[in-house]
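Structure first, commentary second.
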Amino acid sequence: MPKTVADVMTRNPIVVRPETSLHDAIKLLAEKRISGLPVVDDAGKLIGTISETDLMWQETGVTPPAYIMFLDSVIFLKNPAQYERDLHKALGQTVGEVMSQDVITVAPDKPLRDAAQLMHDRKIQRLPVIDPSGKVIGILTRGDIVRDLAASE
């Protein structure tokens, strides 16, 4: 019988809430040696994730979009809304201000092979595992899959 996500996932993952300070989230990532955390609401439902990538804006800052002036008008060469989102992340002080909200998730009964393919295709480091009500019950990381491969041999 093929393995499922539930067979390999890390159960009861560390989660944070949107009001958690970035300082606390960064300390947690460093102390636990993990690269990302699910963000949950009061009911434990997934509302986003925060990862090392989201935190890089804190250090690198944001470059304003290129523009040209034409007849007293400003014409942006890149989408200024993206600049605003990036600036918000660079200046954010809480997890909720910096987290990514478009999260790809997986169900615990999904075949492990399918989840691994999804992670590979989408270049995802981790997949929150959610139950039918949207609560986080685990997390599947690339490391979990590699450890399972090692144990199988």
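Every number in this text was worked out from the coordinates using simple rules, so none of it is lab data. It should be emphasised that the depicted structure is a prediction, and the values quoted were computed from it without experimental measurement. Reconstructed Cβ throughout: ideal geometry from the backbone, glycine too, with neighbour counts over all protein chains shown.
Structure notes:
- Between Arg142 and Lys45, the modelled labels are 3.2 nm apart [label points 7 Å from Cα along Cα→Cβ].
- Gain on full extension, evaluated as 0.36 nm per residue between Glu52 and Glu97 minus their Cα-Cα distance, stands at 14.8 nm.
- Estimated distance in nm for a label pair at Ser133 and Asp7, the labels positioned 7 Å out from Cα along Cα-to-Cβ: 2.8 nm
- One decimal place: the segment Ile104-Ile14 gains 30.6 nm when fully extended, by the rule 0.36 nm per residue minus the C-alpha distance.
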